[in-house]
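Structure record follows, encoded as structure tokens.
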Amino acid sequence: MLTFVLKRLLQAVIVMLVVTLIAFLLFQFIGDPVTQMLGQEATEADRIALRQSLGLDEPLWKQYGTFVVNALHGEFGTSLRQGAPVAQLLAEKMPATLELAFFSAFVATLIGIPLGVFVALHKDSMIAKWLMGLSLLGISLPTFFIGILLILVFSVWLGWLPSYGRGEIVAFGKWTTGLMTADGLKHIILPAATLAIFQIALVMRLVRSEMLETLRSDFIRFAHARGIPKSKIFYKHALKNTLLPVITITGLQLGGIIAFSIVTETVFQWPGMGLLFIQAVQFADIPVMAAYLCLISLIFVVINLIVDLLYFLVDPRLKAD
């Protein structure tokens, strides 16, 4: 177990170093932050002074080294657009993004797994066929279109739900949440549904596929031959083996939700890290962009490590190896 964890940690360190290097080099070619901050009418002396104060006149390798060392201490420099520490901006926006991501992932798992089991056990029924057709539609439709469609129906036509913002929030120290207020819950429904629709369809189809394959296994036939009740075979033996690959996909999809909630946050003006990143791109705010990508990569790496550990604990064959 210790060797397994150490190998994964070493891989995580290598991945993070590569990501930070790629992100840092990539954003050297996205606009000129000095021009964005001072405008076209600034004098050359003003430009030189600003570059020196921001450290942009130093060699790239030195800028990268400084960035890595500061990042290890939780410091990502100062936002060129807002003039505030990047770490502070990310800390302020992170609760909104994580709340939206975990809420939508929870809803997707809560709905997707039972639907997948139902479709597998009743694969020839009309309801199952309709559900599979709707799941294909959910996977195919782009996120921004789903968001706009939900706004049109539930906000514009019906007027049931708000179409933008986070609503009323409650602060617990530095952490904020809207799940403790009625207004906050109303505001999170549409963006969470937008993110969850694709996840529900994916989880449902994955569970169905794995469940059907498991039901054709020899140990399931043997369980039927022994006279074990069908409900116990389906929901104890078959479902347990079905959920092994679902753990991996669901974990990685959680990272994807956090990383790619940019579109949803933009459509609903959700005040999270994704919206902050979009605004940083428009302004060529390099510190914010680089810090955001590094943070998202770290989240992916941590989630992947947790998924590997869960797999190790759940699947006895890995322990034997």
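The values are calculated or read from the model by the stated rules, or taken from the named source; none is laboratory data. Note that the coordinates shown come from a computational prediction; the quantities given were computed from them, not determined experimentally. Because the Cβ atoms are built from the backbone with ideal geometry, glycine has one as well, and the counts that use them run over all protein chains shown. The accessibility values were calculated without ligands, DNA or RNA, using every heavy atom of the protein model including side chains. Shrake-Rupley method; radii C 1.70, N 1.55, O 1.52, S 1.80 Å.
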> Using the reciprocal of the averaged 1/r over all distinct C-alpha pairs, how large is the Kirkwood radius of the chain in Å?
Replying inline: 22.6
> Using a 1.4 angstrom probe and counting only protein chains, how large is the accessible area of Glu168 in Å², to 10?
Replying inline: 110
> How about Lys186: which lysines have a C-alpha closer than 30 Å to its C-alpha, ignoring those fewer than 8 places off in the same chain?
Replying inline: Lys93, Lys174
> In what sequence, highest mean first, do 187-196, 251-260, 172-181 appear when ranked by Cβ atoms within 10 angstrom?
Replying inline: 187-196, 251-260, 172-181
> If the label point is 7 Å along Cα→Cβ of Glu168, which residues in segment 264-307 have backbone nitrogen under 16 Å from it?
Replying inline: none
>> With every protein chain kept in place and ligands, DNA and RNA left out, what is the accessible area per residue of the chain? Probe 1.4 Å, answer in Å².
In response: 55
>> Can you list which of the DSSP-assigned H helices in the chain have a Cα extent of 24 Å or more along the long axis and an average Kyte-Doolittle score of at least -1.0?
In response: 2-26, 86-121, 182-215, 239-259, 286-314
>> In whole percent, and with a 1.4 Å probe on the protein chains, what portion of the accessible area of segment 35-156 is carbon and sulfur?
In response: 68
>> Given segment 237-281, report the % of alpha carbon pairs whose separation exceeds 17 Å.
In response: 48
> In whole Å, what three semi-axes, largest first, describe the equivalent ellipsoid of segment 97-224 built from its Cα gyration tensor (square root of 5 times each eigenvalue)?
Replying inline: 34, 19, 10
>> On a straight-distance basis, which lysines could pair with Lys230 in a cross-link, Cα separation under 24 angstrom, same-chain partners fewer than 8 positions away excluded?
In response: Lys123, Lys129, Lys240
> To the nearest 10 square angstrom, how much accessible area does Phe144 have with a 1.4 angstrom probe?
Replying inline: 110
